[in-house]
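Notes follow the structure.
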Amino acid sequence: MADRHGDPGAGTGRVVRDEDWYGRELGPRDVYEGYTFYDLDWTEVVGEGAVFDGCVFSGVAFNASRHTGSAFVNCVFRGCSFFDARFEGCKAVGASFERTTFGLLAVDGGDWSFSGLPGADLRRASFDGVRLREADLTGARLEGTVMTRCDLSGAALGGVRLAGADLRGSDLSSLDPRTAEASGTRIDLDQAALLATALGYRVG
């Protein structure tokens, strides 16, 4: 492993606390395994190809940061802020989010399968073309959220609130329309047929 805090191969499991990473640029040589980051300022960080595996982020501000082709695999985010953060083609497989805010978060492509977002407030977030297979979105607030062309197959969607969300082009095979609050939700014709069938209607 190589990183900017030590020699290659050194320092797995390190704790990084109270550091200012404002505007830092992270690239493919930045690989962190099993790190714990406490109370860091990641505002306007630009990451391209960086790798975080099994890391814990606690109280980290990702505000206005930009990430392209980076990986946050099996990471835990506690009390973090993602205001106006952007993720493009990133991997967050198995990541879990606790007491985290997502105002104006934008995710374009990438794989967030098996991620844990139960009860997350994503009302001002957008996801386009994201793989969210078997993600836990139980009770999540998606009112007004844009979640288009996403793969939500196998996702836990019980009690999700979807009023005014835009779900066009997404896989809704795991959605039980009887348990979701969905007034004004935008869907396409294929999705409408799928949900009508789930409610017991015969289409056509």
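The values are calculated or read from the model by the stated rules, or taken from the named source; none is laboratory data. The model shown is predicted, which means the values in this text are computed figures rather than measured ones. Heads up, the Cβs are rebuilt from the backbone with ideal geometry, glycines too, and the neighbour counts pull from every protein chain shown.
Brief remarks on what is shown
- Pair list, Cβ under 8 Å, 6 or more apart: segment 157-176 residue within 10 Å of Gly144 (Cα to Cα), other residue charged (D, E, K, R) and assigned to a loop (DSSP other than H, G, I, E, B): Arg161/Glu143; Leu162/Glu143; Ala163/Glu143; Gly164/Glu143; Ala165/Glu143
- Count of segment 32-51 residues, restricted to those that are of a type outside the set (Ser, Thr, Tyr), surrounded by 19 or more Cβ atoms within 10 Å (Cβ to Cβ) and under 17 Å from Ala95 (Cα atoms), is 3.
- Filter result for Ala106 (under 20 Å from Phe62 (Cα atoms), among the aliphatic types (A, V, I, L, M) and touching a Lys or Arg at 6+ places or on another chain (Cβ under 6 Å)): yes
- Residue identified as crowded, with 19+ Cβ neighbours inside 10 Å and either in a loop (DSSP other than H, G, I, E, B) or of a type in the set (A, V, I, L, M) (or both) among Ser173, Ser113, Ser153: Ser113
- Residue within segment 119-137 that is under 16 Å from Val56 (Cα atoms) and part of a loop (DSSP other than H, G, I, E, B) present: no
- Neighbours by Cβ (under 7 Å, 6+ apart or cross-chain): first from segment 54-74, within 13 Å of Ala95 (Cβ to Cβ) and touching a residue at least 24 places away in the same chain (Cβ under 8 Å); second polar (S, T, N, Q) and assigned to a loop (DSSP other than H, G, I, E, B): none
- Residues satisfying the stated conditions in segment 1-35, i.e. touching a Gly at 6+ places or on another chain (Cβ under 8 Å), in a strand (DSSP E or B) and modelled with pLDDT of 95 or more: Glu25, Leu26, Glu33
- Within segment 176-204, the set of residues being closer than 28 Å to Gly109 by Cβ and assigned to a loop (DSSP other than H, G, I, E, B) comprises Asp176, Pro177, Ala180, Ala182, Gly184, Thr185, Ile187, Asp188.
Yes or no, residue by residue, for (1) under 12 Å from the mean Cα position of the chain (by Cα); (2) small (Gly, Ala, Ser):
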| site | (1), (2) |
| --- | --- |
| Ala64 | no, yes |
| Arg78 | no, no |
| Phe83 | no, no |
| Ala95 | yes, yes |
| Gly109 | yes, yes |
